[in-house]
Structures are given as C-alpha cells and as structure tokens.
Amino acid sequence: MSTARTSTLASLRGSIERLEAHGDAHDLNKITLGHKAADAVLHGGLALAAVHEVFAEGHQSVSATGFIAGLAGRVSPRRPLVWVRQDFSEIESGALSMSGLAELGLDPRLLVTVRATDTDAALQTAADALACDALGAVVLEVWGQARQLDLVASRKLTLAAQASGVTALLLRVAAEPRPSTAETRWIVRAAHSPPSAPWSAWGAPVFDAQLVRNRHGPVGRWIMEWNCDECLFSEPSAYTQPLAATPAHRPHQAQAFAGQRRAS
C-alpha cells in the first residue's frame with residue numbers, strides 16, 4: 001500500500017472516529033416517517049445528513065424502489081433530488097417511471113436522474129452530488145455485490161453527507177450487506193395491499209420493512225403503508241371489504257353446505 005493511500009485511510013479513520021465519538025452527544029436532525037412504531041425505535045424519525053441503506057432481493061427491486069422513493073419524499077419534499085443509477089440497474093429493473101414516482105407523491109420537476117456506466121462512476125457521481133448543499137437527498141442505486149462499496153467508500157459518503165447536510169439513500173438490489181457507516185439499514189419486501197375501496201383495483205403501496213441496523217437504538221420489523229397523498233408512512237389501514245356473497249347462479253352449493261351444517 002502506498003504512503004499516500006495509507007495517509008488518506010488514516011485521515012478518514014480519524015475523522016470517522018471523531019464523528020462517532022460525538023454521535024450520541026447531540027441530537028441529530030430528523031424527519032418523522034409517520035409510522036409510530038418505526039419512529040419510536042428511531043427516536044423521532046430518520047436522521048438527516050446521514051447515509052441510509054435499503055437492501056432487497058432481485059425480485060423485490062420494485063418494492064425497494066418504492067420504499068426508497070418514500071424515504072426520499074420524506075427527506076426531500078420540496079428540494080431537488082438526484083437519483084444516480086448504475087446502467088445494469090436499468091437493464092434489470094427498467095427505467096424509472098416519472099408518472100409512477102408522481103403517483104407516489106414525488107415531484108418529477110425536482111428529480112434529476114443520472115445513469116452511470118459502472119459502479120465506480122455511480123459512486124463518484126453520488127459523492128459529487130452530495131457535495132451540493134442545494135439538494136435535499138441523493139439516491140445511489142447499484143445492482144449486485146459491488147466490491148467498490150466497501151467501508152472506506154461508506155465513510156466517504158458519510159463525511160460528504162455530514163459536511164453538506166444532504167441525506168444519502170443507498171439502494172442495493174441483489175446484494176449482501178457489508179460493514180458500513182450507515183445510520184440505518186433496511187431489508188424491504190412487498191406486502192399484501194388489499195383494495196382501498198370497492199371501485200379501486202388496487203390499494204396503497206404496502207411494504208414489509210425490516211430495520212436490521214440502527215446506530216442509536218434497537219431494530220424492528222413492521223408492515224408500513226405509504227400514503228401517496230400525505231407523503232408519509234403509516235400503519236396499514238384495516239381491510240374493510242365485506243366477504244363475497246353466495247353466487248346467485250350457484251345456490252345449490254350454499255344449500256348443500258347448510259345441509260351439512262344441520263347434519264353435523
């Protein structure tokens with residue numbers, strides 16, 4: 001290892017040690033998610049000017065994208081958002097839908113998407129974006145087990161977020177968690193979303209969100225519903241749909257069942 005690299009690593013370690021030593025000494029700026037149980041575990045909500053990771057299996061990429069869009073909506077409701085995507089993510093998951101993000105409550109006019117050719121380019125672009133304090137958040141989306149996203153890279157992103165006040169949201173699909181300086185780490189899966197009304201074909205987005213890392217408290221797992229109109233998470237609404245009535249053209253099945261009940 002070269003002398004310059006050794007000196008850089010030592011400087012980074014010292015900076016992070018100072019940050020972590022004073023991390024509990026002051027209250028972090030936070031934004032509530034809206035979900036009471038999750039906010040309680042997070043001691044008031046998601047920390048701003050920090051790094052947060054969202055992991056998902058490959059077939060859960062859509063759910064993870066929706067979840068991190070919700071986090072971005074809470075963190076950066078009225079400020080520009082930069083979404084950096086590795087090219088391979090677009091090949092596997094498809095392009096981001098502006099109309100879909102608008103339905104989730106994000107303002108497409110405040111969203112800047114950047115496609116990076118590889119992990120190195122995506123990481124550098126995200127770091128550069130984090131240096132711009134006019135932004136509200138930066139999303140870095142990388143597919144697969146990228147070796148470049150190691151502890152050193154995580155520390156650099158953390159320092160950049162702390163320096164500018166911009167929140168970094170890392171979307172990791174088809175990857176295994178590794179040591180990092182992230183404030184929180186989530187594993188997200190899709191959850192059942194019943195129709196919200198008889199005339200609706202689908203309900204609100206619902207996520208099975210597992211908090212597996214929390215630097216300042218316990219972890220937990222919740223079913224979280226995203227309210228697209230109010231742009232916050234909440235407890236899932238109760239399924240109020242009535243049970244289906246007996247089909248009028250098959251009354252014999254109901255009669256047969258009633259006869260079995262009397263016989264028993």
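The values are calculated or read from the model by the stated rules, or taken from the named source; none is laboratory data. This one's a predicted model, so the numbers in the text were calculated from it and none came from an experiment. Note that each Cβ is placed from the backbone with ideal geometry, even for glycine, and that neighbours are counted across all protein chains shown. Surface areas here come from the heavy atoms of the whole protein model, side chains and all, with no ligands, DNA or RNA. Shrake-Rupley method; radii C 1.70, N 1.55, O 1.52, S 1.80 Å.
Numerical summary
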{"item": "Residue pairs meeting the criteria (Cβ under 7 Å; at least 6 apart or on separate chains; first over 8 Å from Ala175 (Cβ atoms), in the range 142-157; second surrounded by fewer than 19 Cβ atoms within 10 Å (Cβ to Cβ) and not hydrophobic (A, V, I, L, M, F, W, C))", "result": "Gln148/Asp120; Asp150/Arg178; Leu151/Pro179"}
{"item": "Residue in the range 120-137 that is under 23 Å from Leu211 (Cα atoms) and either in contact with a Pro (Cβ under 6 Å, 6 or more places away or on another chain) or open to solvent by 50 Å² or more (accessible area, probe 1.4 Å) (or both) present", "result": "no"}
{"item": "Which numbered condition Ala160 fails, given (1) out of contact with any Cys (no Cβ under 9 Å at 6 or more places or on another chain); (2) under 29 Å from Cys228 (Cβ atoms); (3) not β-branched (Val, Ile, Thr)", "result": "(2)"}
{"item": "The range 205-216 residues that are farther than 11 Å from Phe55 by Cβ, paired with ones that are among the basic types (Lys, Arg) (beta carbon under 6 Å, 6 or more apart)", "result": "Asp208/Arg189"}
{"item": "Filter result for the condition that a residue is at pLDDT 90 or above, more than 18 Å from the chain's Cα centre (by Cα) and among the hydroxyl-bearing types (Ser, Thr, Tyr), over Ser11, Ser99, Ser7", "result": "Ser99"}
{"item": "Filter pass, Ser76 being closer than 19 Å to Ala160 by Cα, surrounded by 19 or more Cβ atoms within 10 Å (Cβ to Cβ) and under 15 Å from the mean Cα position of the chain (by Cα)", "result": "yes"}
{"item": "Members of the range 83-119 that are touching a residue at least 60 places away in the same chain (Cβ under 8 Å) and open to solvent by 50 Å² or more (accessible area, probe 1.4 Å)", "result": "Glu92, Glu103"}
{"item": "Residues within the range 43-60 that are open to solvent by 10 Å² or more (accessible area, probe 1.4 Å) and in a loop (DSSP other than H, G, I, E, B), tallied", "result": "5"}
{"item": "Condition broken by Ser63, with the remaining ones in (1) of a type in the set (S, T, N, Q); (2) open to solvent by 30 Å² or more (accessible area, probe 1.4 Å); (3) assigned to a helix (DSSP H, G or I) satisfied", "result": "(2)"}
{"item": "Subset of the range 66-85 (residues that are of a type outside the set (A, V, I, L, M, F, W, C) and in a strand (DSSP E or B))", "result": "Arg85"}
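To keep it simple, each residue is scored yes or no on (1) touching a helix residue (DSSP H, G or I) at 6+ places or on another chain (Cβ under 6 Å); (2) surrounded by fewer than 19 Cβ atoms within 10 Å (Cβ to Cβ).
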site: Ala161; (1), (2): yes, no
site: Gly165; (1), (2): no, yes
site: Val173; (1), (2): yes, no
site: Pro179; (1), (2): yes, yes
site: Glu183; (1), (2): no, no
site: Arg189; (1), (2): yes, yes
site: Pro194; (1), (2): no, yes
site: Gly220; (1), (2): yes, yes
